[in-house]
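See below for the structure under consideration.
The values are calculated or read from the model by the stated rules, or taken from the named source; none is laboratory data. Just so you know, these numbers come straight off a predicted model, no measurement behind them. Backbone-built Cβ (ideal geometry, glycine too); neighbour counts: all protein chains shown.
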Amino acid sequence: PSLSMHAHDGLLFEDVPLARVAAEHGTPTWVYSAGTLRRRFRALRAALDGAGLRAGIHYAAKANDSQAVLRVLRGEGAGADIVSAGELRATMAAGIPAAETVFSGVGKTADEIRFALGHGIYQLNAESAEEIAMISAAAVALGVRAPVSLRVNPDVDARTHAKITTGKADNKFGIPFEDAAALYAHMAALPGIRPIGIATHIGSQITDGMSAFRAAYARLAELVGALREQGLPVERIDCGGGLGIPYRDEPAPTPEALAGAIKATLGHLGLPVMLEPGRWLVGPAGVLLASVVLQKQGAARRFLVLDAAMNDLIRPAMYEAWHGILPVSPVAHVAPLSPADVVGPVCESGDTFAKGRALPILSPGECVAFLDAGAYGAVMSSTYNARPLAAEVMVDGHRCAVIRPRQTHEDLLAHQRLPEWLTA
Ligand code: LLP
């Protein structure tokens, strides 16, 4: 809905022609729609409220940690889910208090734990007995009690890409389900810890219905029952993130379905819940704009070589992810289509965005937009092949502003140092 085709201006993001963004800011450029962010946040909020859940939405900043994106979501009332001190700095800088922020992750360092506790973090999701000991020690040294939820690994198959499955027994995440109750009791006995609940996160880009979520949440409910029987306090349940989006023709799970699954499995406990969504909120709110460098005919295939590459958007190379690719110009949308391999200029065959994609013949300088690139796009980019990080732009109605200028070649060199023995 926020992307539309205009007969004269071509592809618009909100009211802003993407051709104009490319002309003014160059390519490759990430473009985010503030309106889409707001709309999606409100839809999620409405679904949770509609199911009668008391639910906190803690946006998973890893999906897109741009200050402008964080601020728009904060404006809608989002808390945060973070996985590093760097993300906590970013979310606090955007006005999200640590008191509304969850710290997830399997390898928080002692420094990061102290940093988070020092700022009054809302909740630490602990993933091991070893980490619980670290948190307790840090809290005692600071004279506080750390609010800790136990991240449980429910051993369910989220049926998503293997690299983003997190809730199977052989994944590195969480506490084995069988150990959770004993460890929770152990936490309650530690001087530095206030056990406040349990958490789970079974994977990302889950589009295969609600059965995996339901199975995981049912196990959490079972665990809460066991903890209550032991007289242990449970204040809230963190349901994680993972709600998928349709990149191609996957069935789109709705926030209403997720809210319904939570209500059905956890509702009887009468506890507040939390969600940690990343992709669902920001994925469809971003595109990556790229220009055609040239088109070449290989022995067997047509190659469309773009100025964007795997260093910008790594998802196709890393997860065989499918992203829609739309030409920006209005004429391109009525031209005949033929299969093309869409590739970047990086010196690896893996630098392929799409194979055999039906696209018109495009001339050098024409633009295309990669759709649904707002989540795990810019945050995963690198400067491989000494390619400066792409610019980032936000649109809001008819407004358009640079939120991160394109890196320069000078920037790439600026932070390097030479050992003195090479400078003589
Ligand atoms: N909470 C925890 C503890 C997580 O590990 C994650 C994502 C989330 C929440 C947010 O999940 P979401 O709602 O976005 O599915 N780079 C991959 C995705 C990695 C997700 C890692 N964890 C990709 O591009 O598909």
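Quick notes on this structure:
- Looking across region 308-326 at every residue that is surrounded by fewer than 20 Cβ atoms within 10 Å (Cβ to Cβ) and not hydrophobic (A, V, I, L, M, F, W, C), the one that is nearest to the ligand (Cβ to nearest atom) is identified as Tyr319.
- In region 96-125, residue surrounded by the most Cβ atoms within 10 Å (Cβ to Cβ) [restricted to those that are under 20 Å from the mean Cα position of the chain (by Cα) and among the aliphatic types (A, V, I, L, M)]: Leu124
- Selection count, region 205-239, where residues are away from the ligand (no atom under 15 Å from the Cβ) and part of a loop (DSSP other than H, G, I, E, B): 7
- Of all the numbered requirements in (1) assigned to a loop (DSSP other than H, G, I, E, B); (2) out of contact with any Phe, Trp or Tyr (no Cβ under 6 Å at 6 or more places or on another chain), His323 misses one, and that requirement is (2).
- Residue match in region 255-277 (condition: without any contact (Cβ under 8 Å) to a residue 40 or more places away in the chain and assigned by TED's automatic domain parsing to the domain that holds Ser104): yes
Conditions (1) among the charged types (D, E, K, R); (2) within 16 Å of the ligand (Cβ to nearest atom), marked per residue:
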{"site": "Val83", "(1), (2)": "no, yes"}
{"site": "Glu87", "(1), (2)": "yes, yes"}
{"site": "Ala90", "(1), (2)": "no, yes"}
{"site": "Ile96", "(1), (2)": "no, yes"}
{"site": "Glu100", "(1), (2)": "yes, yes"}
{"site": "Asp111", "(1), (2)": "yes, no"}
{"site": "Tyr122", "(1), (2)": "no, yes"}
{"site": "Asn125", "(1), (2)": "no, yes"}
{"site": "Ala133", "(1), (2)": "no, no"}
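- Odd one out for Asp249 among (1) modelled with pLDDT under 95; (2) within 14 Å of the ligand (Cβ to nearest atom); (3) not aliphatic (A, V, I, L, M): (2)
- Within region 70-89, the set of residues being in contact with a strand residue (DSSP E or B) (Cβ under 6 Å, 6 or more places away or on another chain) and in a helix (DSSP H, G or I) comprises Leu73, Leu88.
- Residues in region 9-44 that are among the hydroxyl-bearing types (Ser, Thr, Tyr) and either without any contact (Cβ under 8 Å) to a residue 12 or more places away in the chain or touching a strand residue (DSSP E or B) at 6+ places or on another chain (Cβ under 8 Å) (or both): Thr27, Thr29, Tyr32, Ser33.
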